[in-house]
Amino acid sequence: MEVFGFKLIKQGQAEYVLTTKTRKIYFFATEKLLSQMDQAVFHQAINLAESQGLVGPVCIMPDAHSGYGAPIGSVFAADESGFVFPGAIGFDINCGMRLLVTNLTAKELEPYIEKLVAKLYEMVPAGVGKKGFLSINKNQLRSLTQSGVPFLVKELGLGWAKDIEAIEERGGVQPADFEFVSDRAVARGLAQLATLGSGNHYLEIQKVEKLFDKQTAGKYSIFTKDQVVVMLHCGSRGFGHQICSDYLIAFEKQARQQKIKLTDRQLAGLPIMSQLGQAYLSAMGCAANYAFVNRQAITYQIRRCFEIVLGGKAQDYNLSLVYDVSHNIGKFEQHNLLDSGVEQRVFVQRKGATRSFPNQPVIIGGSMETGSYLLLGTSDSLKKSFGSTAHGAGRRLSRTQAKKQIDGRKLWQDLKQKGIYIKSASFSGLAEEAGLAYKDVSEVVSAVSAANLSRPIAYFKPIGNIKG
Amino acid sequence: MPYVFIKDVIADIGVEIRANSLNNLFSEIVRSFYSILVQRLTAPVNPTPLRVKVKAVSLEELIFKFVDELIFIKDTKGLVSQSLVQCDILVNKKAKVKYCLDAKLNFVGFENIIAGVDIKAVSLHRFSVKQTQNGYKAVIVFDI
């Protein structure tokens with residue numbers, strides 16, 4: 001297969017390689033998913049590979065679709081003399097997934113499910129312009145975004161100490177320096193903490209549909225089919241978006257001044273060690289911590305909802321954190337560079353890709369109709385993809401197409417008949433997020449499994465969903 | 001139609017806007033922004049007027065900052081820009097700050113709307129503003 005003048009060669013199960021003038025691009029996908037990728041994915045991947053300041057290959061995940069500059073579903077790295085690209089980390093810095101486990105079965109929860117979904121919708125604000133329950137001042141925001149979840153749990157008491165151990169980077173990324181965050185970002189951040197947001201963000205009650213690895217699932221207290229879990233997908237809200245916007249403009253200006261070649265304006269990059277590069281890293285760290293804190297604050301509300309609707313204490317229903325993992329982030333990590341075999345400290349940028357270190361839980365969310373997966377990271381992912389795997393199903397239809405083809409109100413009714421209770425801020429938003437708008441999440445999981453980037457542990461089906 | 005949605009923007013929403021003047025260009029930007037964020041009003045409302053002032057070194061930057069300001073007002077004041085009432089744009093191509101916009105807009109509160117989808121940012125991807133034979137053409141991709 002030829003793509004924009006380059007040969008795309010199959011080199012393993014669900015693995016393809018394309019060699020540009022400067023570096024290799026690995027596509028981890030089945031033939032079916034590869035054929036579903038829009039041409040812009042290949043174009044953007046080639047642009048990315050030709051960008052300055054990268055080391056090693058560019059990796060494209062099976063759920064990739066075109067994004068801004070870089071495909072959503074891409075992973076690449078730079079060494080300390082390399083470049084950082086705010087646009088390639090994305091607007092929603094540290095958008096990610098969180099999974100909680102309960103000791104209830106779907107049958108036990110059935111009498112309460114409608115009430116629980118309604119209560120969650122009330123206590124976890126979703127959609128445009130909603131405010132969260134946490135009223136904090138600028139100084140508290142400073143502490144939260146510099147320290148992350150440990151501050152929220154230890155100082156504000158919103159969570160359990162053991163939660164911290166089940167979050168990527170223990171819920172606190174460094175560097176994170178509030179001095180590099182604009183007043184505009186602060187104002188947006190104060191207004192939106194502990195809210196779900198809109199678009200593809202959701203809070204879902206799910207039941208175990210299939211267990212692929214009972215022993216590993218058991219380590220996370222997932223034992224049986226029909227057991228109830230809670231999945232959360234959201235990020236750094238307006239705080240992260242404003243930080244990205246602020247630095248995008250600054251990066252683009254400086255890149256032009258320094259005559260740095262821009263393949264896409266959203267892909268403006270600067271040396272990591274430059275003054276602006278370092279400032280962005282510190283601000284991005286704050287946004288990443290805001291996102292961890294946001295998901296932790298929502299978790300606090302989820303536990304309260306269970307207490308209110310079912311009675312007793314949250315611990316009575318387990319509600320432990322299985323894991324919280326980001327899929328839009330840039331971090332320094334130790335990696336064996338794929339081409340050189342030498343271990344070194346590199347800055348890994350994951351856009352729509354999940355960290356997948358050996359034995360680390362990975363959460364891949366699908367659509368509200370098709371379900372989601374818990375997987376486990378592998379050692380092969382370190383060799384192949386900077387320890388990364390896919391993040392979701394990947395969009396198939398544009399939002400405009402989805403709205404044309406799907407009636408949100410009818411979808412809501414159809415899903416209710418199937419036993420999936422949905423509370424959504426908007427029917428049009430619901431239509432945009434319908435299962436039809438997404439690729440087959442199981443095919444994505446097959447691809448990462450075949451390429452051994454991560455392996456499936458459990459498959460969940462939704463029974464209740466809160467959407468923005 | 002002055003603004004149309006771009007079909008090949010998949011995860012977000014892109015608009016192509018054509019207008020015969022700069023003022024109309026800004027007016028159409030506000031209309032497209034509103035049409036994405038608001039499905040409909042819940043009842044007739046008295047809009048809230050607000051002034052928006054933006055300065056920039058280029059027309060592109062002026063539009064980027066203008067949309068960024070609309071997003072900021074939405075997130076911090078809970079108001080969605082509904083229409084452009086008045087728009088004064090000062091252009092001095094010899095000055096460092098070449099464009100100054102002073103606009104009066106009507107806004108509606110979240111409590112008065114059935115929301116569509118949220119706009120969280122304006123992207124630089126495909127972002128362009130061009131002067132054409134018939135006026136102006138802008139391409140804006142909103143992050144959803």
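The values are calculated or read from the model by the stated rules, or taken from the named source; none is laboratory data. These numbers come from a predicted model, not from an experiment. Every residue, glycine among them, receives a Cβ derived from its backbone with ideal geometry; neighbour counts consider all protein chains shown. Areas reflect the complete protein model, heavy atoms only, side chains present, ligands, DNA and RNA absent. Shrake-Rupley method; radii C 1.70, N 1.55, O 1.52, S 1.80 Å.
Some observations on this one:
- Tabulated pairs, segment A:28-53, first within 14 Å of chain B (Cβ to nearest Cβ), second of a type in the set (S, T, N, Q) and open to solvent by less than 10 Å² (accessible area, probe 1.4 Å), C-beta under 7 angstrom, 6+ apart or interchain: A:L48/A:S74
- The condition (being acidic (D, E) and under 23 Å from the mean Cα position of the chain (by Cα)) is satisfied by just one residue among A:E168, A:E179: A:E168.
- Every condition in (1) assigned to a strand (DSSP E or B); (2) more than 10 Å from chain A (Cβ to nearest Cβ); (3) surrounded by 19 or more Cβ atoms within 10 Å (Cβ to Cβ) holds for B:L70 except the one numbered (1).
- With respect to (1) basic (K, R); (2) under 19 Å from A:G171 (Cβ atoms); (3) not in a strand (DSSP E or B), the lone exception for A:R350 is condition (3).
- Neighbours by Cβ (under 9 Å, 6+ apart or cross-chain): first from segment A:382-404, farther than 15 Å from A:G352 by Cβ; second aliphatic (A, V, I, L, M) and assigned to a strand (DSSP E or B): A:G387/A:V75; A:G387/A:V348; A:S398/B:I13; A:R399/B:I13; A:T400/B:I13
- Pairs with Cβ under 8 Å, 6+ apart, first in segment A:209-224 and assigned to a loop (DSSP other than H, G, I, E, B), second open to solvent by 90 Å² or more (accessible area, probe 1.4 Å): A:F223/A:K214
- For segment B:116-134, residues that are more than 15 Å from the chain's Cα centre (by Cα) and of a type in the set (G, A, S) total 1.
- Among the residues listed as B:G116, B:G135, the single one being away from chain A (no Cβ under 12 Å) and open to solvent by less than 20 Å² (accessible area, probe 1.4 Å): B:G135
- Residue in segment A:87-102 that is surrounded by fewer than 24 Cβ atoms within 10 Å (Cβ to Cβ) and of a type in the set (F, W, Y) present: no
- Among residues of segment A:370-417, those that are more than 11 Å from A:E432 (Cα to Cα), within 14 Å of another protein chain (Cβ to nearest Cβ) and under 17 Å from the mean Cα position of the chain (by Cα), counted: 4
Here's the yes/no breakdown for (1) open to solvent by 30 Å² or more (accessible area, probe 1.4 Å); (2) at pLDDT 95 or above; (3) closer than 17 Å to A:G199 by Cα:
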site: A:L415; (1), (2), (3): no, no, no
site: A:K423; (1), (2), (3): yes, no, yes
site: A:S426; (1), (2), (3): no, no, yes
site: A:A431; (1), (2), (3): no, no, yes
site: A:V445; (1), (2), (3): no, yes, no
site: A:A450; (1), (2), (3): yes, yes, no
site: A:R455; (1), (2), (3): yes, yes, no
site: A:K461; (1), (2), (3): yes, yes, no
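- Extreme residue, nearest to A:A458 (Cα to Cα), among residues of segment A:187-223 that are away from every other protein chain (no Cβ under 14 Å) and touching a His at 6+ places or on another chain (Cβ under 9 Å): A:E204
- Filter result (assigned to a strand (DSSP E or B) and crowded, with 19+ Cβ neighbours inside 10 Å) within segment A:16-48: A:Y16, A:L18, A:I25, A:Y26, A:F27, A:F28
- Residues in segment B:42-67 that are surrounded by fewer than 19 Cβ atoms within 10 Å (Cβ to Cβ), not in a helix (DSSP H, G or I) and not hydroxyl-bearing (S, T, Y): B:A43, B:P44, B:V45, B:N46, B:P47, B:P49, B:L50, B:R51, B:K53, B:K55, B:A56, B:V57.
- Only one of the listed residues (B:V97, B:V108) is more than 10 Å from chain A (Cβ to nearest Cβ) and open to solvent by 30 Å² or more (accessible area, probe 1.4 Å). That residue is B:V97.
- Every residue from segment B:1-41 that is open to solvent by 40 Å² or more (accessible area, probe 1.4 Å) and farther than 28 Å from B:Y99 by Cα: B:K7, B:D8, B:Q39, B:R40, B:L41
- For segment A:237-279, taking the residues that are facing another protein chain (nearest Cβ under 10 Å) and among the small types (G, A, S), the one that is surrounded by the most Cβ atoms within 10 Å (Cβ to Cβ) is identified as A:G240.
- Within segment B:111-135, the residues that satisfy the criterion of being in a strand (DSSP E or B) and touching an Asp or Glu at 6+ places or on another chain (Cβ under 8 Å) are B:A121, B:V122, B:S123, B:L124, B:H125, B:F127, B:S128, B:V129.
- The conditions of being under 20 Å from A:G235 (Cα atoms), open to solvent by 20 Å² or more (accessible area, probe 1.4 Å) and either touching a residue at least 24 places away in the same chain (Cβ under 8 Å) or not hydroxyl-bearing (S, T, Y) (or both) are met by A:P150.
- Per the conditions (1) crowded, with 21+ Cβ neighbours inside 10 Å; (2) part of a loop (DSSP other than H, G, I, E, B); (3) more than 14 Å from every other protein chain (Cβ to nearest Cβ), the sole criterion not satisfied by A:I136 is (1).
- Those residues of segment A:334-376 which are open to solvent by less than 30 Å² (accessible area, probe 1.4 Å), among the polar types (S, T, N, Q), over 18 Å from A:G394 (Cα atoms) and at pLDDT below 95, in sequence order: none
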